[in-house]
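The next block holds one structure in the form of structure tokens; read it before the comments.
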Amino acid sequence: MGKRVAVVLAGCGVYDGSEIHESSAVLVHLSREGAQAEVYAPDVDQMHVVDHVKGQPTQEKRNVLVESARIARGNIKDLAKLDVKGLDALIIPGGFGVAKNLSTWATQGKNCVVSKEVEDVLKAFHAAKKPIGLCCISPVLAAKIFPGCELTVGHDTECEKWPYAKTAETMKELGCKHVNKHVTEVHVDVKNKLVTTSAFMCNAPIHEIYDGIGKMVKEVVRLA
């Protein structure tokens, strides 16, 4: 039997949910590794809904679980039902939904609160010494919950290629060790079994983002 890996989504769409290309890459690479993905999302309202053409919030209300089901092709469960005992690893793709719907990082930065359900799941995998894969902005969840852990969100010096590099500085303020890595590379925190890669934190060609996520998934499955 292949490894069973929980994939936690935060909605559907880069500006208010899970980044669709990252989520898809995780699912494709898990399939390639012979692992079985089990997709979960919290049954909560999104912080807000963003019109992805205009890049502006709208008056709509949407549910994180309902929207995440679009990516999972309907094969999804409420995060409240996740049982770490039957699972071998956890992966959380990025997208602003991580910073808006799974936590309050988007509005509060290092002073954010991680949603209780998400925090409980991360702590359960960590306590069971089961690997956790995080990409793009989702490493901030580990930065908040596991002080002193090692992570990458790419580079810590802002430039055209790394427009979100200030995130690395904020993570350091939380007591984490940030390790600079290229978009196609991963960082493995052996002690905490955390595997991170930058994905769309880097202004890179989409195939490089896809390849970096592939390395993250491969490493998570190897550690499981």
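The values are calculated or read from the model by the stated rules, or taken from the named source; none is laboratory data. What you see is a predicted model, and the numbers here were worked out from it, not measured in a lab. Positions of Cβ are generated from backbone atoms using ideal geometry, with glycine treated the same way; all protein chains shown enter the neighbour counts. Ligands, DNA and RNA are excluded from the accessible area calculation, which covers all protein heavy atoms including side chains. Shrake-Rupley method; radii C 1.70, N 1.55, O 1.52, S 1.80 Å.
Within segment 63-79, work out how many residues are basic (Lys, Arg) and either under 18 Å from VAL118 (Cβ atoms) or modelled with pLDDT under 95 (or both).
1
Scan segment 59-77 residue by residue and report those that are open to solvent by 80 Å² or more (accessible area, probe 1.4 Å), under 28 Å from LEU30 (Cβ atoms) and without any contact (Cβ under 8 Å) to a residue 24 or more places away in the chain.
Listed by number, the residues that qualify are VAL66, ARG73.
Within segment 155-183, track down each residue that is closer than 17 Å to ALA99 by Cα and aliphatic (A, V, I, L, M).
Across segment 155-183, the qualifying residues are ALA165, ALA168, MET171, LEU174.
Could you pull out the residue among ALA199, ALA128 that is under 13 Å from ILE91 (Cβ atoms) and of a type in the set (Gly, Ala, Ser)?
ALA199
How many residues, within segment 182-224, are more than 15 Å from GLY133 (Cβ to Cβ) and among the polar types (S, T, N, Q)?
Residues meeting the conditions: 2.
So VAL26 ticks every box in (1) in contact with a Ser or Thr (Cβ under 7 Å, 6 or more places away or on another chain); (2) within 20 Å of GLY133 (Cα to Cα); (3) of a type in the set (A, V, I, L, M) but one. Which box is left unticked?
If we test VAL26 against (1) in contact with a Ser or Thr (Cβ under 7 Å, 6 or more places away or on another chain); (2) within 20 Å of GLY133 (Cα to Cα); (3) of a type in the set (A, V, I, L, M), just (1) comes out false.
Name the single residue that is most open to solvent (accessible area, probe 1.4 Å) among those in segment 19-58 being among the β-branched types (Val, Ile, Thr) and assigned to a loop (DSSP other than H, G, I, E, B).
Result: VAL53.
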